[in-house]
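J.: Pasting a structure below so you can have a look.
The values are calculated or read from the model by the stated rules, or taken from the named source; none is laboratory data. Source: prediction; values computed, not measured. Cβ coordinates were reconstructed from backbone atoms using ideal geometry, including for glycine residues, and neighbour counts include every protein chain displayed. Each accessible area value is taken on the protein alone, full model and side chains, heavy atoms only, with ligands, DNA and RNA left out. Shrake-Rupley method; radii C 1.70, N 1.55, O 1.52, S 1.80 Å.
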Amino acid sequence: MKHFLISLLALTMLVPVLRAEDDPNENAPQRPRPKVGLVLSGGGAKGMAHIGVLKMLEELDIPVDYVVGTSIGSIMAGFYSLGYTADELDSLVRSQDWDLLMKDKRGRRDVSYESKQDKDQFLVTFPFMNHKSLTDETSANAANRNKGLLRNMPSALVSGHNLDQLFTKLSVGYQDDIDFNTLPIPFACVAVDLNTKEEVVFHSGNIVTAIRASMSIPGYFAPVELGDKFLVDGGMLNNLPVDVVKEMGADYVITVDLHHFKKSRPDTDQTIPEMVATMLSMMNGEKYQAGRAASDIIIEPNTSAYGVLSFDDHSVDALIDSGLVAANRVLPQLRSLASHLKTYPETGTKRPPKAIDLSRDSVRLSQMEIDGTDSDDMTWLLSKTDIGPGKVVSGKDMDDAMSFFYNTRCFRKINYSIAGKEGGYNLKIHFTPQRLHQAGLGFRFDSEEMASILLGVSLNKYKLFGAKLDTKLELGQNPNLTVNFGYTFRNLTRLNISATAQHISANFYDDVVGTSGDSGYNLHSEERYNLFSAKADYQITGWRDSDIKLGILYDNYNCRIIDATAEGFNLGESFNSQVWQAYVNWHFDNLDDTYYPRRGHQFNLEGSTIRQYGQYVYGARLDYKVAIPLGRKVTLIPQTWNRWLFGLPVRYYHNMVGGYIAGRYAPWHFPFVGINNVHRTRSNTDIARIDLRVNIVGEHYLTMIGNYLAEWGFDDHTLDSNFGAGIAYSVNTVVGPIQFGTHWSTLSKRVGCYFSLGYEF
C-alpha cells in the first residue's frame, strides 16, 4: 500500500511536465506580428500601376497595416485605407471620365443654356470684380488690391471641383475631422505648404481635403487653402514618404516607385503637368534616395512609355498590367515575407467598416449646414433640389444638386461633406461665391469675312438675382454692338431690354442674266445695311436645356445698293424702312458638344408677326438637329432649317441661304453647303441636310455633307430645288475648330472652297 501511494504521487507530479512538453508555448506570451507599411509614390496617371501591385499583395495575402502616399499615390492609398479592394479600385478608375475629372469643365449637357451660349462663342472667359467688390473677399486677399486685373487671374488651370465631388461620394462615413489611424487601414499622406516651403504630413482631418492637397500639382491644380496654409503636391519634397510610414510603426516597408525607369530619350514635347512632374522628381533627390534605402522591398513598374495624363483606356490597362509585372519581378521576396508573417498567430482584431460609396448606396440625412450664401438664397437653392433633412440621398441626388448649384454660375467652388453614421448623417455644404462680373474674348478667321473679334463684358453676371448688364462688340467686316439690360426674378424668369447697332455688307448671288446677256450664277446685288434695333422680351430660363422668349422688336434700317446687275436696281440706290415685330421662340439644346456632337438634340421653334408699311407679314420657323452615334468613330447628324412667310416682306427680311455659318448676315440666314455667298430665297424655304462625320484619330475629323434646298411661294406654288454636297476636314484645337472644306451645288454649278479657324459668332 505504501509503494502504491508513492507511485501515485510521482505520477501526479509528472502530468504537468508532460503537458508542458506537449504544448511548450501554452503559457508563453504571444509574439506580435511585425507590421507592414506600404508606400505609393506620385506620378499622375502612372499611379494606375499601384492597382496592379495591390492585386498581387492581396493574392499573396500580405496584410497592409499602414498605407502612405503622395500625389496620385495618396489617392490610391487613401481609398485603399477606406476599405476598397484592388479590384474595386480597378473598376472605379475604368468607369471614370478622366478628361472631365482632370478639368474644371462640366459636361455640356449638364450646364445651363446661358453657359452653353457663352462657351459656344468665346474662346476664353474669366470672372472679375470691381474695386469695391474686393472688400467682400477675405482679409487675407486684401493684399491683392494693388495687383489690378492680375488679382482676378486663376492660380492654376484647374480648381479640381470635379475630383472633390468624386472623392466625397466615395468616402461617406469618414468625412468628419477624424484620426486617420481609425480608418480600416491607418493612412497618411504628404503635401507641401507654399507659405513655409515645408512638408505637411496629414495624419488627421478631412480625408478628401488631405488627398486633394497631396495631389495638387503646382500650376495645374489650384492649391488647397487650409487655415493659413496653401498646400500643393507632396512630391515637391517627399515623393517616397518611407520615413512617414516608419514613424507610424511599420516594421517592413514595401515601396512602389514609379520614377525608377527613365525614358530612353528626353521628351521635348511635354505638357505642363509632365514638366512639373519632371521638376518634382529633381527637387527631392536626397529624400528620394533615402526612401529607397530604407525600404525592405521596392517594386518598380516600368511606366516610362506613359505620361502623367495618360488616362485613356489603353494606357490604364497597360499601366495596371505594369504593376503586376513589376510585382512579379520581386515575387520571391514577397512570398518570403508572406510566409514569414504567417508564422505569427492572427490577432483577430476587427477592422472598422468600409466607407460608403454613394454611387451604389444611399444615406438618410438628419441635419444640414450651409454657409457661403445668405439664408434667402439658401432656401431658394434647396427648394430646387431633392436634398434636405429627413431625405434619403444617393450619389445621383448629390450630383444633380451640385450640377444645379454650379449651373447658377454664381459659385466658383462648392464643397460638401456627409459625416455621421447609420441612422443619421449630417450634410455640410460650403459655397464660395463667384466674382461678380465677366469678360470674354472670341476670335474667328474664315475665307468669307477674314478676321472677326468678339469682345464681351457682363456686369453682375454672377448674381443669383437682380439687375445685370451685358455688352457684346463684334469687330470685323460686319461690326455689331449689342447692349442688354436684364433683371432676373426668383421664379427663374428674366425681363430684357436691349439695343443693337450693326453694319452689314453682303453680296447676293443668283441665277440671273448678266449685263453681257449670259445666264449663270452671278452677282445679283451688293447691299449694305445700317441697322438699329431695340427689343424687349420676357425670358424663361429655369430649364437647363431650354430658353423661351416672348417679346417685341423694332428695326430701323437704311439699305444702299452698291452694285447690281439685275433689272430693277440702280447703282447707289438707297431706301429706309421701319419694322415692328412681335415674336415668341423656344430654343432647346442638349447636344453633348457644339461642333463635334455625338448625341443629343437641338431645335429652334419661332412664330412672328411683322408689321411694315401698314401691312402684316406672318412667319413661322423650325430648325432641328440631332446627333446619332454609329459606333465609336462615326456619327450621323441630320439637320433641317425651315422658314415660312405669309405675305411679302421688305428686302432685308427675305429668307437667305449660303455658306457654312447660320445667322451670319441675319437671324434668318441659313447655311447651305455648295455656295459661299448669299442667295436670297422665296417666301417658303426648306433645307434638309445630312452630315456623316468620322473621327479619324484623336481630334481629327472628316465630314461628308449633303443638303437639299426647296423654295416656293404661295402666290404661284412654283417649286425651285437645288442640291449641294461637300467634304470637310477639321481638327479641334485649343483655339477652336480648324476646318477646310470643298463643295459643289446645282445652284452655283462650280466648285468652291471654305476655310475657317475659331468659334462661330
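J.: When region 467-496 is examined, which residues are found to be small (Gly, Ala, Ser) and open to solvent by 30 Å² or more (accessible area, probe 1.4 Å)?
T.: Residues satisfying the conditions are ALA467, GLY476.
J.: Let me ask something else about it. Every residue in region 331-373 that is of a type in the set (A, V, I, L, M) and part of a helix (DSSP H, G or I), please.
T.: Matches in region 331-373: LEU331, LEU334, LEU337, ALA338, LEU341.
J.: Looking only at residues that are closer than 17 Å to GLU300 by Cβ and modelled with pLDDT under 55 in region 236-276, which one is nearest to the chain's Cα centre (by Cα)?
T.: Restricting to residues being closer than 17 Å to GLU300 by Cβ and modelled with pLDDT under 55, the top hit is LYS263.
J.: Related question: Go through region 608-629 and count every residue that is touching a Leu at 6+ places or on another chain (Cβ under 8 Å) and β-branched (Val, Ile, Thr).
T.: Total satisfying the criteria: 2.
J.: Could you list, in sequence order, the residues of region 238-256 that are surrounded by 21 or more Cβ atoms within 10 Å (Cβ to Cβ) and out of contact with any Pro (no Cβ under 8 Å at 6 or more places or on another chain)?
T.: Once the filter is applied, which keeps residues that are surrounded by 21 or more Cβ atoms within 10 Å (Cβ to Cβ) and out of contact with any Pro (no Cβ under 8 Å at 6 or more places or on another chain), region 238-256 yields ASN238, ASN239, LEU240, PRO241, VAL242, VAL244, VAL245, ALA250, VAL253, ILE254, THR255.
J.: Out of (1) surrounded by 14 or more Cβ atoms within 10 Å (Cβ to Cβ); (2) at pLDDT 85 or above; (3) in contact with a Ser or Thr (Cβ under 8 Å, 6 or more places away or on another chain); (4) not charged (D, E, K, R), the odd one out for ALA566 is which?
T.: For ALA566, the exception is condition (2).
J.: Among the residues in region 363-379, are any within 23 Å of ASP176 (Cα to Cα), out of contact with any helix residue (DSSP H, G or I) (no Cβ under 8 Å at 6 or more places or on another chain), modelled with pLDDT of 90 or more and basic (Lys, Arg)?
T.: yes
J.: When you scan region 692-752 for strands (runs of 3 or more DSSP E) that lie fully inside it, which ones turn up with 1 or more residues that are open to solvent by 90 Å² or more (accessible area, probe 1.4 Å) and not hydrophobic (A, V, I, L, M, F, W, C)?
T.: The strands (runs of 3 or more DSSP E) meeting that bar are 700-712, 719-733.
J.: In addition: Output the residues belonging to region 73-83 that are among the aliphatic types (A, V, I, L, M) and open to solvent by less than 10 Å² (accessible area, probe 1.4 Å).
T.: MET76, ALA77, LEU82
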